[in-house]
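Any read-out appearing in this document is the output of simple, stated calculations on the displayed coordinates, not a laboratory observation. All values reported here derive from a predicted model rather than from experimental measurement. All Cβ positions, glycine included, derive from the backbone under ideal geometry; neighbour counts span all protein chains shown.
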Amino acid sequence: MYVMSLKDSYGRYVTQARISLNSSSTCNYSCNFCHKEGIEESESGIITSKEIERVVTILSNFGINKIKLTGGEPMLRRDIAEIVERISSIGLKEISLTTNGTNLVKYARDLKSRGLNRVNISLHTLNDKTFKTITGVDKLNQTIKAIEASIDANLIPVKINTTLLRGINNDELDDLIEFSRGLGGGKTNILQIIELVYTHQDYFTKYHFPLNSIEDYLKRNCFTSTESTMRRRPKYELSNGVTVEIVKPMHNSLFCNGCDRLRITYDGKFKPCLLRSDNTFDFLTPMRNGADDSRIIEIFKKSIAIREPFFKANDNETSTFGTIYSHECTHI
């Protein structure tokens, strides 16, 4: 079946959806930088596996072909395997999962067999004390085992998500690169270095660590680098076989200009932009009140119509979507 992706008034096609499976308040970690997916707590019920299947089926008819399951912590959902299996039956290009590693040692192979393609696992440090400072729990070893289990289950490339915080873990890049290399480097995993996203001013001012120095380091040690305009994430291939991806969303109009993702909250709302809190569209209430697919489509289209970059691009920053840019590596 031929489908046409929808695009917003800024010319950005929407091809991915990120679905929160539960509230950040129910997460078993308490990461001190958590932005809670930009979602306020709600008294509405959590979206069910059947409702997820229905809304994803509807969206797939409009070019949404990649789904990322997230939370809170998605692996706390008792029906996580059913959710993956239901979505997989739709025939999408990719289903991925972002997690802190909970229960992956036990369920990685089962999720793979049900249709999960890959995982993102948060690992912000390799130091036990620092891990507990950041996450509030003492589970570094569990997280490492979850990464290893995911690789063994062929949920690759496993993306190792590391948010850098000034004065806490910003000096661990070499250790994380060596950890990635020991797991097989770019053949099995990608080390994803993430800039801290704004939560509140005092915290952001104290812990925000610009990634410019990290990129300079990577340029000196890589042999090739690319960047896709749709994602605006430079990817560096290092001489030791490790792949490092940089995610810089803050005050980055090029990042916003290439956003192709819609968010779906755990309580059934379309959310066009993570950084805004005034832009949700409730589809779950109408769905539970008997709305047919045409009504859900109408709500979906309205959410796309109001999408706009949070950080606007200047005229000299615009470029053609889909282009691949090379970054000069100075390593010889």
**OP:** State the answer as a single residue: which of Tyr266, Tyr29, His208 lies farthest towards the positive end of the charge dipole of the chain, with beta carbon charges of +1 for Lys and Arg and -1 for Asp and Glu, about the Cα centre.
**Re:** Tyr266
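How would you rank 73-80, 155-162, highest first, on the average number of other Cβ atoms within 10 Å across their residues?
Top to bottom by mean Cβ count within 10 Å: 155-162, 73-80.
Of all beta bridges DSSP finds with both residues in the chain, what is the antiparallel percent, to the nearest 5? Please list the in-between numbers first.
On the way: 16 of 46 bridges.
Restricted to the chain, the bridges split so that about 35 percent are antiparallel.
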**OP:** Take the Cα atoms of the chain, find their three principal axes, and give me the spread along each one in whole Å, biggest first.
**Re:** 60, 49, 43
**OP:** Pull up all non-local amide H partners of Lys159: gap of 5 or more, or a different chain, and H-to-H distance under 5 Å with H placed in the peptide plane.
**Re:** Val119, Asn120, Ile121, Ile190
Original post:
Ordered by residue, what ³J(HN,Hα) values in Hz, to whole numbers, does the range 92-101 give under the Karplus form 6.51 cos²θ - 1.76 cosθ + 1.60, where θ = phi - 60° and Gly and Pro are x?
Top reply: 8, 6, 7, 10, 10, 9, 9, 8, 8, x
**OP:** Select from Gly182, Gly63, Gly115 the residue whose mean-square fluctuation is largest in a Gaussian network model of the chain (Cα-Cα springs shorter than 10 Å).
**Re:** Gly182
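Of the listed peptides 261-273, 127-139, what is their order by residue-averaged count of other C-beta atoms within 10 Å, with the highest listed first? Provide the component values of the computation, followed by the final result.
Working: 261-273: 22.8, 127-139: 15.8.
Ranking the peptides 261-273, 127-139 by packing returns 261-273, 127-139.
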Original post:
Gaussian network model of the chain, Cα springs within a sub-10 Å range: biggest mean-square fluctuation belongs to which of Ile194, Ile121, Ile306?
Top reply: Ile306
Original post:
Can you work out ³J(HN,Hα) from phi for every residue in the range 124-131, in order, using Karplus 6.51 cos²θ - 1.76 cosθ + 1.60 and θ = phi - 60°, giving whole Hz and x for Gly and Pro?
Top reply: 8, 6, 10, 9, 4, 5, 5, 4
Subject >> Relative contact order (percent, whole number), the range 16-326, Cα cutoff 8 Å, 6+ residue spacing >> reply: 17 percent
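Dipole magnitude of the range 16-326 about its Cα centre, charges +1 at Lys/Arg Cβ and -1 at Asp/Glu Cβ only, in debye to the nearest 20?
Numbers: 42 positive and 38 negative charges, 102 e Å.
That gives the range 16-326 a dipole magnitude of about 480 debye.
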Subject >> Column: log10 I(q)/I(0), Debye, Cα scatterers of the range 172-225, q = 0.27, 0.31 Å⁻¹ >> reply: -1.13, -1.26
Subject >> Residue with peak Gaussian network fluctuation, the chain [Cα springs, cutoff 10 Å], from Ser113, Ser303, Ser225 >> reply: Ser113
Original post:
Taking the inverse of the average 1/r across all pairs of different Cα atoms in the range 114-161, what Kirkwood radius in Å do you get?
Top reply: 11.3 Å
Original post:
What list of ³J(HN,Hα) values in whole Hz, one per residue of the range 111-117 in order, does the Karplus curve 6.51 cos²θ - 1.76 cosθ + 1.60 (θ = phi - 60°) give from phi, with Gly and Pro shown as x?
Top reply: 5, 4, 5, 8, x, 5, 8
**OP:** Using Cα pairs closer than 8 Å and at least 6 residues apart in sequence, work out the relative contact order for the range 121-173, in percent.
**Re:** 46 percent
